[in-house]
Amino acid sequence: MKSLRDLGGLVYSTEHGRMCPGCRQPQAQCVCKAAPPPSGDGTVRVSRETKGRGGKAVTVVRGVLADAPALAQLGKQLKAACGSGGTVKDGVIEVQGDHVERVLEALHKLGHKAKRAGG
């Protein structure tokens, strides 16, 4: 049978709320689930997808070497440049509609090395 220490120790503190069992810090300041730095070849790939979207086209941007806040800011700039909505999730920027050329142009203006991917 496992002891309480084997289960990770302190789980809740009335002072800080929920505690992370790995680093024993409050969950708001947990450092063990920090995202690893992005990796890749430095080329941003822009493609158009329609699969699983009811036939609607979406411009997908992959391979941006940036952390989450910088990626969200870039997504906001690209959506504004295209005049449409979209989202940023799992390190991928999705812009609603077929805006591959506009996104490529905006990325080049922002200093990214970008190329078209797919057909």
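The values are calculated or read from the model by the stated rules, or taken from the named source; none is laboratory data. Because the structure is predicted, anything quoted here is derived from the model rather than measured. Please note: Cβ atoms are built from the backbone with ideal geometry, for glycine as well, and neighbour counts cover all protein chains shown. For accessibility, only protein heavy atoms count, side chains too; no ligands or nucleic acids. Shrake-Rupley method; radii C 1.70, N 1.55, O 1.52, S 1.80 Å.
For this structure, a couple of remarks:
- Cross-link pairs exceeding 23 Å in C-alpha to C-alpha distance, out of LYS79/LYS109; LYS56/LYS113; LYS56/LYS79; LYS89/LYS113, comprise LYS56/LYS113.
- Label-to-label distance, nm, for residues given as VAL92 and GLN77 (7 Å Cα→Cβ offset): 2.3 nm
- Cleavage-rule hits (trypsin sites (Lys or Arg not before Pro)) in the range 53-119: DSSP loop, at most 14 neighbouring Cβ within 10 angstrom: ARG53, LYS56, LYS113
- In the full protein context, the range 16-119 carries 64 Å² of accessible surface per residue, based on a 1.4 Å probe and ignoring ligands, DNA and RNA.
- Full extension of the chain between LYS115 and THR50 yields a length gain of 21.5 nm, computed as 0.36 nm times the residue separation minus the alpha carbon distance.
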